[in-house]
Amino acid sequence: MIRIGIIGTGGMAHAHARSFQRIKGVRLAAACDLDPNRVQDYGKEFGITDLYTDLDAMLKNADMDAVSIVTPDSSHAPISLQAIAAGKHVLCEKPLAVTYPDAKKMVQAAKRKKVINMVNFSYRNSSALMKAADMAAKGMFGEIKHVDAHYLQSWLSSRVWGDWKTSSGWLWRLSSEHGSKGVLGDVGVHILDFASFPVGPMKTIHCRLKTFPKVKGNRIGEYKLDANDSAIMTVEYANGALGTVSTTRYATGHANTVALSLHGTDGAVRINLDRSYTEMDVTRGKDRHTCTWKTITCGRTPDMYKRFVESIRTGVQDQPDFARGAEIQKALDACFVSDAEDRTVRL
Ligand SMILES: NC(=O)c1ccc[n+]([C@@H]2O[C@H](COP(=O)([O-])OP(=O)(O)OC[C@H]3O[C@@H](n4cnc5c(N)ncnc54)[C@H](O)[C@@H]3O)[C@@H](O)[C@H]2O)c1
């Protein structure tokens with residue numbers, strides 16, 4: 001039996017609990033949240049009785065092999081470091097940290113303690129992405145020259161996910177003081193991983209960030225609304241391909257669109273997760289001369305929670321690990337430098 005403790009019991013922690021509960025041989029052993037009511041409700045919902053509002057107490061007393069960290073972004077690094085020091089395997093939400101130096105500390109700590117470490121780039125759950133990466137690695141699209149990736153949300157211009165003005169779960173995402181790196185840190189990390197996983201490492205990045213005025217004084221209660229809402233990036237990959245990556249919370253008409261297309265000298269692939277996690281369109285060989293696309297069904301791939309548990313069971317570290325999280329963090333830091341200095345940054 002693998003015993004997991006959940007740290008942070010807000011919105012996303014529900015997906016963690018449901019996913020871990022579906023895995024045979026896994027038990028939700030404990031949960032911790034600074035908010036006593038929230039952790040109590042969560043305990044009731046998922047049948048967890050060992051509940052904490054203090055991380056030290058949880059790490060000292062709870063019977064657990066691993067933790068899943070689902071707190072706001074700025075606490076990922078300190079909580080991970082504490083959990084690793086206590087010898088726990090760690091699945092950490094994205095972004096891994098809020099700076100590359102912090103992310104590197106996490107990588108080093110996990111390595112030293114020899115614990116399994118993973119960052120929840122959850123769109124790796126798409127079997128279409130895994131298949132596209134495999135085909136790209138085998139050269140089945142030829143040399144990749146052009147990459148288009150976008151992650152589109154609209155919760156600032158619609159009520160698709162409720163009213164952001166009245167929910168702390170949305171408001172902290174708009175506030176640097178609350179540890180948010182804006183849309184770039186929130187979902188930009190996903191799309192940077194989604195694009196560069198099949199294409200390979202990024203060599204340079206140029207980024208433009210924008211924070212739009214939203215309410216009078218740009219403040220709601222304790223939340224100063226200063227984090228970026230939109231990010232547009234141009235990327236040169238180490239293999240020479242050029243690409244665009246964009247993300248925004250103002251893509252009216254899109255709830256949560258994650259899409260990627262890779263174009264190579266012998267073929268191309270298109271993935272759009274709104275349509276399917278398991279299907280992709282491919283054109284290859286002669287088909288490319290007529291722009292004929294065929295849909296390929298890609299079966300299933302284990303989700304991040306299963307991969308984490310399997311890594312603990314076998315002792316074999318799966319991907320994406322903290323080192324991958326740190327690589328993406330480096331790109332994120334570069335985006336802020338690029339935007340501030342209006343220049344391309346080498347990674
Ligand atoms: N991988 C994904 O697809 C995905 C999706 C949504 C959110 N997330 C990530 O999950 C994390 C949480 O997001 P959310 O939407 O659940 O936020 P949320 O605001 O709904 O929940 C966060 C919870 O953490 C608690 N908390 C804050 N600081 C804490 C601390 N130091 N110790 C213990 N508890 C603490 C809060 O009280 C709150 O209950 C974020 O990092 C976010 O980026 C990832």
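Scan the range 82-97 and tell me whether some residue there is under 19 Å from the mean Cα position of the chain (by Cα) and more than 24 Å from ARG313 (Cβ to Cβ). Taking every residue of the range 82-97 in turn, at least one turns out to be under 19 Å from the mean Cα position of the chain (by Cα) and more than 24 Å from ARG313 (Cβ to Cβ). In summary, SER180 fulfils each of the numbered conditions (1) within 16 Å of the ligand (Cβ to nearest atom); (2) closer than 27 Å to ASP339 by Cβ; (3) out of contact with any Asp or Glu (no Cβ under 7 Å at 6 or more places or on another chain) with the single exception of condition (3). Highlighted here are the strands (runs of 3 or more DSSP E) found entirely within the range 13-92 that include at least 2 residues which are modelled with pLDDT of 95 or more, at negative phi and away from the ligand (no atom under 11 Å from the Cβ): 26-32, 89-92.
Rundown of residues vs (1) under 19 Å from the mean Cα position of the chain (by Cα); (2) more than 21 Å from GLY5 (Cβ to Cβ); (3) open to solvent by 20 Å² or more (accessible area, probe 1.4 Å), yes/no style:
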{"position": "LYS113", "(1), (2), (3)": "no, no, yes"}
{"position": "MET118", "(1), (2), (3)": "yes, no, no"}
{"position": "SER127", "(1), (2), (3)": "yes, yes, no"}
{"position": "GLY182", "(1), (2), (3)": "yes, yes, no"}
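Among the residues making up the range 126-154, those that are part of a helix (DSSP H, G or I), closer than 29 Å to HIS76 by Cβ and either away from the ligand (no atom under 16 Å from the Cβ) or not assigned by TED's automatic domain parsing to the domain that holds LEU273 (or both) are SER127, ALA128, MET130, ALA132, ALA133. Filtered by the rule that a residue be under 19 Å from MET118 (Cβ atoms), open to solvent by less than 30 Å² (accessible area, probe 1.4 Å) and of a type in the set (S, T, N, Q), the range 1-44 gives a lone residue, SER19. Residue pairs whose Cβ atoms lie under 7 Å apart, sitting 6 or more positions apart in sequence or on different chains, and linking a residue in the range 8-24 that is over 13 Å from MET304 (Cβ atoms) to a partner that is polar (S, T, N, Q) and open to solvent by 10 Å² or more (accessible area, probe 1.4 Å), are GLY8/THR71.
Where the second residue is open to solvent by less than 70 Å² (accessible area, probe 1.4 Å) and acidic (Asp, Glu) and the first is closer than 17 Å to VAL337 by Cα and within 13 Å of the ligand (Cβ to nearest atom) and lies in the range 94-112, which pairs have Cβ atoms under 7 Å and are six or more apart or on separate chains? Correct list of pairs: VAL98/ASP73. Within the range 204-247, the residues that satisfy the criterion of being open to solvent by 40 Å² or more (accessible area, probe 1.4 Å) and under 23 Å from the mean Cα position of the chain (by Cα) are HIS206, ARG208, LYS210, THR211, ASP226, ILE232, THR234, GLU236, ALA238, LEU242, THR244. Taking each residue of the range 185-208 that is within 17 Å of THR344 (Cα to Cα) and looking for partners that are within 16 Å of the ligand (Cβ to nearest atom) and open to solvent by less than 10 Å² (accessible area, probe 1.4 Å) with beta-carbon atoms closer than 7 Å, six or more apart or interchain, yields LEU192/ILE328; CYS207/ALA231.
The values are calculated or read from the model by the stated rules, or taken from the named source; none is laboratory data. Keep in mind the model is a prediction, meaning the values are calculated, not measured. Neighbour counts run over all protein chains shown; Cβ positions are idealised from the backbone, glycine included. All accessible areas refer to the heavy atoms of the entire protein, side chains included, with ligands and DNA or RNA removed. Shrake-Rupley method; radii C 1.70, N 1.55, O 1.52, S 1.80 Å.
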